[in-house]
Amino acid sequence: LPRFPHGAWFCELASAAEGESLLQVIATALGVTPLSGMTLDQSIVAFLRSKSQLLVFDNCEHLLDAVSRLAGSILRDCPKLRILASSREGLGVPGEQMVAVRSLSMPAADVDLATTAGNDSVKLFVERASAARSGFTLGPSNAPAVVEICRRLDGIPLAIELAAARV
């Protein structure tokens, strides 16, 4: 954050169904209102033009073309701004640097509770489930279900986090 005097802004894109709703989600997160004579994407770029900040676009894969177009416009016209995007595919914008995030190790189905509790996928699940429901602990009664969830989700961290939040 010290590199970004205007802060960091998180834009959760999972709820956006198409390009226009993508713009609405981002405008709402940033507090941007459409400017007279400008489209919403132009208003977003105008708002960001002088900012030195970080934008986090989460869950881009279902709107890859629309996010790519907007990110390209923002990065071209807002030289002090940076974007961190999470997606299974790259955006294809100039200067993009991709970092692959590997799946976590998955637990074996037939190991003892102590070994299961030490598994990376299970640890993440328990940490997030505990945050979602106070008092959640891994025990003999729920360990097989937690192991099965982590295995079915292929150790994908985001999928595990989303599942654990529903505990």
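Here are the numbers:
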read-out	value
Only listed residue being within 20 Å of the chain's Cα centre (by Cα) and not hydrophobic (A, V, I, L, M, F, W, C), chosen from SER121, SER141	SER121
Whichever residue in the range 64-94 is free of Cβ contacts under 8 Å to residues at least 24 places away in the same chain and assigned to a loop (DSSP other than H, G, I, E, B) and, among such residues, is most open to solvent (accessible area, probe 1.4 Å)	PRO94
Filter pass, SER36 being assigned to a loop (DSSP other than H, G, I, E, B) and among the hydroxyl-bearing types (Ser, Thr, Tyr)	yes
Residues located in the range 53-63, provided they are in contact with a strand residue (DSSP E or B) (Cβ under 9 Å, 6 or more places away or on another chain) and exposed (fewer than 15 other Cβ atoms within 10 Å of the Cβ)	ASP58
Pair list, Cβ under 8 Å, 6 or more apart: the range 127-146 residue in contact (Cβ under 8 Å) with a residue 24 or more places away in the chain, other residue open to solvent by 40 Å² or more (accessible area, probe 1.4 Å) and charged (D, E, K, R)	ARG128/GLU161; ALA132/ARG166
Matching option when the condition is modelled with pLDDT of 95 or more, β-branched (Val, Ile, Thr) and over 17 Å from the mean Cα position of the chain (by Cα), among ILE74, ILE83, ILE26	ILE74
Residue count, the range 1-24 (criterion: among the aliphatic types (A, V, I, L, M) and closer than 12 Å to CYS60 by Cα)	5
Hits in the range 127-163 - residues which are open to solvent by less than 60 Å² (accessible area, probe 1.4 Å), aliphatic (A, V, I, L, M) and over 19 Å from ARG102 (Cα atoms)	ALA129, ALA132, LEU138, ALA143, ALA145, VAL146
Options ILE26, ILE44; residue that is of a type in the set (A, V, I, L, M), in a helix (DSSP H, G or I), under 26 Å from LEU158 (Cβ atoms) and touching a strand residue (DSSP E or B) at 6+ places or on another chain (Cβ under 6 Å)	ILE26
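The values are calculated or read from the model by the stated rules, or taken from the named source; none is laboratory data. These numbers were taken from a predicted model, which means no experiment stands behind them. All Cβ positions, even for glycine, are placed from backbone atoms using ideal geometry, and neighbour counts span all protein chains on display. Only protein heavy atoms, including side chains, enter the accessible area calculation; ligands, DNA and RNA are left aside. Shrake-Rupley method; radii C 1.70, N 1.55, O 1.52, S 1.80 Å.
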